[in-house]
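Each value in this text was obtained by applying a stated rule to the coordinates, not by laboratory testing. The shown structure was predicted, so the numbers you read here are calculated from the model rather than taken from an experiment. Methodologically, a virtual Cβ is constructed for each residue, glycine included, from the backbone with ideal geometry; neighbour enumeration extends over all protein chains shown.
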Amino acid sequence: MESFTPVSGTLGGVLIGLAATILLAGSGRIAGISGIAGGLPSRVPGDNAWRILFLIGLVLGAGVYQLVTSAPLEVRIDVSAPLLITSGFIVGFGTRLGGGCTSGHGVCGVARFSVRSIIVTLVFIGVAMLTTFVLRHLLP
Amino acid sequence: MMARLSTSLVSGFIFGLGLVISGMSNPAKVIGFLDLAGAWDPTLLLVMGGALAVTIPGFWLLKKRARPLFAERFELPARKDLDARLVAGAALFGLGWGIAGFCPGPAITALAAARLDVALFVAAMIVGALAYRMLFSTQPAKGTGAPIKKAAAE
């Protein structure tokens, strides 16, 4: 079922890159989702609305896609609720401690040739692959 | 102000569309990439490649501009150093990402599916981010205790 989808993958990637470029060009901000969401609520005046609108945009984009294709979003989660919640907590904490996630470091930081973003990206992809291997091949 | 806020909404919209079209809002698809020992699905590499094919030239062109279109200045990360904290954060994020296959963007985007499990993940993620803020507040604090507690309560 989860087979290689190069065309839709590349097209989706181009849209993500376009979105990040638009945000930097218009607002001067880096499109890092964990940073945008993690900055809420902000005590800096005028720093909240743009964050909330970006996050609403994310959900709207997916919602409109569902309407147009008249198919529910495919979301398959194959872990138990306790594991899912644990993973959510670790992702929330880790992305703040690590200063970003797949979008901020992986797409924007790497595009700026930031050495720390490149290293952080390699670390989280490496650990994620290791975790996947342990959970799905060693433990069951 | 309006132009800046519209930019945010439009950018988020296109970003969400990109995540859904690329299949990245589906954790099973992401696990397919992370699981090298399974039926490996390299799609995520093409998603990053497609994104970088736009952001590398786009950001390079923007670097020549003095300021963005609708804001006073570019807010770029100034720090260039890499410390143990940053690497530990990256490793923790990788651990969480490898468990369920969800990272922040896809998880928030997948809220559009109106499913309880997605909402649970996002709620736990918010609690994790607030726990970080309580431990290491990075915002300019006006009085240390109260505002942080307030942030945690919301």
*Per residue of region A:89-95, in order, report the coupling 6.51 cos²θ - 1.76 cosθ + 1.60 (Karplus, θ = phi - 60°) as ³J(HN,Hα) in whole Hz, putting x for Gly and Pro.*
4, 5, 5, x, 6, x, 5
*asked:* Restricted to Cα positions, what overall size does region A:77-140 have along the principal axes? Three whole-Å values, descending.
replied: 40, 21, 18
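So if the hydrodynamic radius of chain A is defined as the Kirkwood radius over C-alpha pairs, what does Stokes-Einstein give as its diffusion coefficient at 20 °C and 1.002 mPa s, in µm² per second? Can you show the working numbers first?
Working: Rh = 17.3 Å.
Reported coefficient: 124 µm²/s.
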*Counting partner chain Cβ atoms within 10 Å of every residue's Cβ in A:77-84, what's the average?*
5
*Given the protein assembly as shown, what count of lysine pairs have C-alpha atoms under 30 Å apart, with each pair 8 or more places apart or on different chains?*
4
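What average number of partner chain Cβ atoms lie no more than 10 Å from the Cβ of the residues making up B:64-74? Intermediate results must be reported in sequence, preceding the final value.
Values: counts 0, 3, 0, 1, 7, 6, 4, 7, 1, 1, 6.
Counting other chains' Cβ atoms within 10 Å and averaging over B:64-74 gives 3.
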*Using the per-residue mean of other Cβ atoms lying within 10 Å as a proxy for protection, in what order, highest first, do the peptides B:71-81, A:15-25 fall?*
A:15-25, B:71-81
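Mind checking the mean number of beta-carbon atoms from other chains within 10 Å of the Cβ atoms in A:63-75? Before the final figure, lay out the partial values.
Working: counts 8, 5, 8, 4, 1, 1, 2, 0, 0, 4, 11, 9, 16.
Shielding by partners across A:63-75 averages 5.
If you wrap a convex hull around the Cα atoms of region B:2-81, how much volume per residue is inside, in Å³? Show your work: numbers first, answer last.
Working: hull volume 10.4 nm³, N = 80.
Here the figure is 130 Å³ per residue.
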*Report, please, the projected area of the protein assembly as shown averaged over directions, based on the convex hull of its C-alpha atoms, in nm².*
14.7
